[in-house]
Amino acid sequence: MNRITVAVAQLWMHSNDIVYIRLDASRTGSMGVKEAEEVCDAVFHICEGKGVKMLTDTRGVLGNVETGARETIRHHPGLVSVRMAEAFVVDNLANKIIADFYIRFNRPDNPTRVFSDVKKALDWLEQIKIISHT
């Protein structure tokens with residue numbers, strides 16, 4: 001299985017069309033623009049430019065996501081071109097608030113939901129049909 005490790009996460013193709021992003025729970029502090037760009041670039045690389053659904057697993061992570069990082073994730077050209085749906089898995093109130101804030105104020109153009117259970121998140125993502133941008 002091809003894995004990519006960046007400063008804040010490990011990423012891999014979980015299935016044909018789901019990229020699993022496991023944020024590093026051993027890190028504390030903020031995710032800034034540089035780290036967000038690394039994650040976005042890694043997603044684009046790992047999916048080889050094809051449309052994918054994304055599962056971001058934040059369980060055990062403490063910290064926050066800076067405004068610039070949220071904007072980067074929302075508007076990164078490579079990520080925008082491949083992101084078809086995304087699910088966030090959270091296990092604490094702080095991360096639920098961050099994910100909800102991202103959805104409410106950054107308004108992703110793709111279906112996006114927050115879950116407390118990985119299996120439920122994967123089940124939801126598997127139901128999403130990928131529609132090509134071309």
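Each principal axis of the Cα atoms in the range 82-134 has its own extent, and those three values, largest first, are 38, 26, 12 angstrom. Ordering T5, T112, T72 by the number of other Cβ atoms within 10 Å of each residue's own Cβ, fewest first, gives T5, T112, T72.
A helix-only calculation puts the chain at -10500 deg cm²/dmol for mean residue ellipticity at 222 nm, using -39500 (n - 2.57) for each DSSP H run of at least four residues, averaged over all residues.
The convex hull around the C-alpha trace of the chain, projected and averaged over every direction, spans 7.2 square nanometres.
The number of Lys pairs in the chain with C-alpha atoms less than 25 Å apart, excluding pairs fewer than 8 positions apart on the same chain, is 14.
Laboratory data are not the source of any read-out in this text; all were calculated from the coordinates shown. Nothing here was measured: the structure is a model prediction, and the numbers come from that model. All Cβ positions, glycine included, derive from the backbone under ideal geometry; neighbour counts span all protein chains shown.
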